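Participant: The structure follows.
Just so you know, all these numbers are worked out from the coordinates, no wet-lab data involved. Values in this document were obtained by computation on a predicted structure and should not be read as measured data. Here the Cβ is made from the backbone with ideal geometry for all residues, glycine too, and neighbour counts use every protein chain on show.
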Amino acid sequence: QAEESCKCNGWKNPNPPPTPPRAELQQAVVSLAEPCRSCSHALAAHVSHLENVSEEEMNRLLGIVLDVEYLFTCVHKEEDADTKQVYFYLFKLLRKCILQMGKPVVEGSLESPPFEKPSIEQGVNNFVQYKFSHLPSKERQTIVELAKMFLNRINYWHLETPSQRRLRSPNDDIAGYKVNYTRWLCYCNVPQFCDSLPRYETTQVFGRTLLRSVFTVMRRQLLEQARQEKDKLPQEKRTLILTHFPKFLSMLEEEVYSQNSPIWDQDFMVSSSRTGQLGIQTVINPPPVARSVSYSASPSSLEQPNSGNMSPACKGSSALDANLGEKRKNNEPYSLEDSKRPRVVGDIPIELINEVMSTITDPAAMLGPETNFLSAHSARDEAARLEERRGVIEFHVIGNSLNQKPNKKIMMWLVGLQNVFSHQLPRMPKEYITRLVFDP
């Protein structure tokens with residue numbers, strides 16, 4: 001820093017001793033007045049620009065120094081040419097940040113995250129809502145757990161290099177995959193061990209294109225790993241992974257490779273509300289607002305592969321949409337005047353009125369929904385329901401009366417009911433409880 005002619009390349013000794021000093025030995029205190037081992041300038045000249053830097057900023061710069069050291073090792077150990085190039089670029093970027101005391105900003109024209117919408121996370125959320133919203137709450141929670149597990153695996157999945165993919169699938173779009181691979185390295189993979197770089201989750205910044213390129217290989221390896229480790233898993237996890245997870249992945253695969261799957265539509269929530277489905281419920285926490293960054297690379301077009309057929313679920317949805325505008329058959333007659341009455345926007349259709357009337361007059365239909373269908377208390381009430389079926393407990397409608405001689409059993413029940421209320425509501429006056437229970 002003191003002289004422009006100084007060519008000092010770092011703080012390390014260019015000719016280190018063959019046997020480095022042992023760590024437990026006490027290191028001698030270095031004075032800033034001593035000469036640098038590389039350029040012979042005073043050590044103070046190399047740190048003169050750090051005199052007025054705060055401790056927080058100094059810790060940040062030291063963190064970048066550690067990341068530079070690690071990337072330097074990665075560059076020398078990495079054998080793949082594409083990966084090594086990205087490591088070397090990030091190494092130079094962080095070293096420049098140290099010299100200029102700036103923040104690492106990946107420059108260039110590779111766009112900024114998110115790279116595709118909807119993201120993988122949103123697509124899987126839509127898939128759960130689209131396929132499993134009709135299930136009871138307990139079964140649907142199982143699907144949600146599978147979705148969380150799948151998204152977590154993607155976030156920590158290590159993508160194959162472009163050269164490996166070229167050997168495995170020579171007919172694929174290698175240029176587009178290389179662009180996504182470079183983005184993944186810069187924004188998702190390297191920031192996992194280099195804290196000074198901004199980190200993004202793979203499932204939040206990538207979409208259907210990347211998922212299509214890795215899903216087949218990932219699915220096969222996940223299932224193979226699950227079979228190998230099944231003995232190490234607890235019983236409930238073993239059932240979840242070995243029984244439900246393969247079916248979940250097969251159904252998701254249909255939607256990933258289907259050209260017309262609705263889960264990848266930007267307006268999925270709007271279309272689902274039109275068809276009477278439930279709204280989107282987020283499976284995992286929404287992604288945080290991330291800083292905008294970009295990366296320097298040659299521009300390459302990302303083409304959406306057009307493969308797969310319309311999924312059966314999507315066909316069923318289309319058929320449902322076609323029937324929405326079709327008039328229902330009139331099962332119950334109504335007056336001719338009603339049929340000739342002009343329709344008003346927002347008026348209730350007469351078909352719906354007939355359906356409601358037929359429901360409320362049918363005793364079987366008025367029993368309500370199934371007790372185990374999306375009921376928050378189904379598990380809690382199941383034990384009492386079983387005891388009632390076995391005759392252990394009974395339900396009676398009782399009350400006091402002044403018109404007939406009081407029944408001894410009913411009076412005992414009323415006294416017992418009074419005691420229950422008094423025990424559960426200790427602050428309520430007993431006279432008030434007695435009046436409520438025994439008043440006819």
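Participant: For R227 and N52 in the same chain, what is the full-extension length gain: residue separation times 0.36 nm, less their Cα-Cα distance, in nm?
Facilitator: 57.1 nm
Participant: If each residue's Cβ is checked for other Cβ atoms within 10 Å, how do F395, F91 rank with the fewest at the top?
Facilitator: Starting with the residue having the fewest Cβ neighbours, the order is F395, F91.
Participant: Mind listing the phi-derived Karplus ³J(HN,Hα) values for the range 129-141, rounded to whole Hz, using 6.51, -1.76 and 1.60 with θ = phi - 60°, and x for any glycine or proline?
Facilitator: Each residue of the range 129-141 in turn: 5, 6, 9, 10, 5, 7, 6, x, 4, 5, 5, 5, 5 Hz.
Participant: Where the only charges are on Cβ atoms (+1 Lys, Arg; -1 Asp, Glu), what is the dipole of the range 51-125 about its Cα centre, to the nearest 20 debye?
Facilitator: 160 debye
Participant: Please rank E229, E160, fewest neighbouring Cβ atoms within 10 Å first, as an exposure proxy.
Facilitator: E229, E160
Participant: Taking the number of other C-beta atoms within 10 Å as the exposure measure, put T182, T434, T209 in order starting with the fewest.
Facilitator: Taking fewest neighbouring Cβ atoms as first place, the list is T434, T209, T182.
Participant: Long-range amide H contacts for V106: which residues qualify at under 5 Å (H placed 1.01 Å from N, peptide plane, sequence gap of 5 or more or a different chain)?
Facilitator: S294
Participant: Here is a further query. Taking H as built 1.01 Å from N, whose amide H comes closer than 5 Å to the amide H of H41, not counting residues under 5 places away?
Facilitator: C36
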